[in-house]
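Trainee: Right, I'll just put the structure down here and ask away after.
The values are calculated or read from the model by the stated rules, or taken from the named source; none is laboratory data. Predicted model only: the values in this text are computed from it and were never measured. All Cβ positions, glycine included, derive from the backbone under ideal geometry; neighbour counts span all protein chains shown.
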């Protein structure tokens, strides 16, 4: 911000200049979306993905998303108490699905505290068009899904000397 400009003078006084985007809030979000989509052709799929990104209402099972490098990520999901045959991982329609099917066993165990959740679940993540599942490993109650970006040949690094 150049010294002496109107914006810098406002910033010094503690005043904030309202931008076009700041005019919108949850009450008038439809107006913002109207304005965005009015001049967008063929972008419906992208907007649908953005606004249905977090369809999951449950935080179970807990997970980590680790950035290994600029083209590889690893999704780590804690599945304590699950066996390999009870876990199902697949992709469909640009989404990664992970399902765990746990049988409800009637036991006569009297728990003082039951902190390990072992219930059935379905969890999904939307994948970008250039992301693929490279490997899936289930070991010691931890499911690791390696995700990689597909880099076109023309964009890959090439060493000549």
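Trainee: Across segment 67-93, what is the total count of residues that are touching a strand residue (DSSP E or B) at 6+ places or on another chain (Cβ under 7 Å) and exposed (fewer than 13 other Cβ atoms within 10 Å of the Cβ)?
Mentor: Number of matching residues: 5.
Trainee: In the set 108, 103, 129, which member is in contact with a helix residue (DSSP H, G or I) (Cβ under 9 Å, 6 or more places away or on another chain) and assigned to a loop (DSSP other than H, G, I, E, B)? I'd like the intermediate steps shown before the answer.
Mentor: On the way: 108 fails: in contact with a helix residue (DSSP H, G or I) (Cβ under 9 Å, 6 or more places away or on another chain); 129 fails: in contact with a helix residue (DSSP H, G or I) (Cβ under 9 Å, 6 or more places away or on another chain).
Of 108, 103, 129, the one residue that is in contact with a helix residue (DSSP H, G or I) (Cβ under 9 Å, 6 or more places away or on another chain) and assigned to a loop (DSSP other than H, G, I, E, B) is 103.
Trainee: Looking at 123, 119, can you tell me which residue is closer than 16 Å to residue 75 by Cα, surrounded by 10 or more Cβ atoms within 10 Å (Cβ to Cβ) and either over 16 Å from the mean Cα position of the chain (by Cα) or assigned by TED's automatic domain parsing to the domain that holds residue 68 (or both)?
Mentor: Values: 119 fails: closer than 16 Å to residue 75 by Cα.
When all the criteria are applied, what remains is 123.
Trainee: Here is a list of conditions, (1) surrounded by fewer than 10 Cβ atoms within 10 Å (Cβ to Cβ); (2) in the same structural domain as residue 87 (by TED's automatic domain parsing); (3) farther than 16 Å from residue 80 by Cα, and residue 136 meets all of them except one; can you say which number that is?
Mentor: The one condition residue 136 does not meet is (1).
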